[in-house]
1. Does Ala39 meet the test of being surrounded by 14 or more Cβ atoms within 10 Å (Cβ to Cβ), over 15 Å from Val149 (Cα atoms) and not assigned by TED's automatic domain parsing to the domain that holds Leu220?
2. Could you grab me the full set of residues in the range 81-119 that are among the aliphatic types (A, V, I, L, M), in a helix (DSSP H, G or I) and modelled with pLDDT of 90 or more?
3. From the list Leu158, Leu170, Leu205, which one is at pLDDT below 95, surrounded by fewer than 21 Cβ atoms within 10 Å (Cβ to Cβ), part of a helix (DSSP H, G or I) and in the same structural domain as Gly237 (by TED's automatic domain parsing)?
4. Please find, within the range 27-60, the residue that is nearest to Ala152 (Cα to Cα) out of those that are assigned to a helix (DSSP H, G or I) and under 14 Å from the mean Cα position of the chain (by Cα).
5. Among (1) without any contact (Cβ under 8 Å) to a residue 60 or more places away in the chain; (2) surrounded by fewer than 18 Cβ atoms within 10 Å (Cβ to Cβ); (3) of a type outside the set (D, E, K, R); (4) within 28 Å of Val225 (Cα to Cα), which single condition is Pro91 missing?
6. Can Leu69 be described as of a type in the set (A, V, I, L, M, F, W, C), farther than 24 Å from Gly47 by Cα and in a helix (DSSP H, G or I)?
Amino acid sequence: MIDDKPFSFWPWFGRGAFDALSFPAWTVAFALVGVGSIARDVGQPLGSAVLSTLLVWAGPAQVIFYGGLGTGMAPLAIAAAVCFSSIRFLPMTMSILPLIRRPKDSLLWQMVLAHYVAVTVWSEGLRRLPNVPVEARQAYYLGFANACVWLAALGTGLGYFLVGALPGPLAAALLFLTPIFFTLSVSGGARRLADWLAIFLGFALQPLSVWLVGESFDLLAVGLVGGTVAFLVARLGDARAAARQGGGQPA
């Protein structure tokens, strides 16, 4: 545990925000600078760019959204593409909500909590929340996530005014900061063989997945196959460890 002091919402909220602002939130903010530039490039107002970060809160989905507007895609087609690109958040939400929800939380409030789930919030949450007292986890999570969201919104607004001054390759490189940080964060939290196996399979299966299912569903396929294999390996290892431990005990 981080400490044993009695729970108070705002100190833990502030601690979560401080931890986010120490580095993770900045990677998200710099990544979404490119979204602001794309929004202005397709003729959308500043408010739309910033609001997309606050409401959509998913860089790839925002790029798809503004790319669709720029190419004249039908609204329903844009909505479907954004939806499919965000399917990856479902297993993330399912894995982190048990750490933060409370027994009396309403479904509506759990949906609010789920809205904050993104790659950085999820990976850092899984790593940090187990060390936070149970009663303080929700406050810590909200502080961490809000710091990421609002700093990212500021980064989006900054990117809106950098259009023309921000070369296309640099904007793309900034978007790539999030997967780099995600990889480092997940690797830093890996403790078991199954954790490293999941990371390895994610990289190894990606080219094959693109070839087999296309770029629209490649990440979903890789996560499903690689995650399932790693999970089964972990279960097998646990079963063997339990069998050895049981076999070593006297009758």
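1. It is true that Ala39 is surrounded by 14 or more Cβ atoms within 10 Å (Cβ to Cβ), over 15 Å from Val149 (Cα atoms) and not assigned by TED's automatic domain parsing to the domain that holds Leu220.
2. Met94, Ile96, Leu97, Leu99, Ile100, Leu107, Leu108, Met111, Val112, Leu113, Ala114
3. Leu205
4. Ala29
5. For Pro91, the failing item is (1).
6. Here the answer is no, as Leu69 does not meet what is asked.
The values are calculated or read from the model by the stated rules, or taken from the named source; none is laboratory data. Just so you know, these numbers come straight off a predicted model, no measurement behind them. Cβ atoms come from the backbone with ideal geometry, glycine included; neighbour counts cover every protein chain shown.
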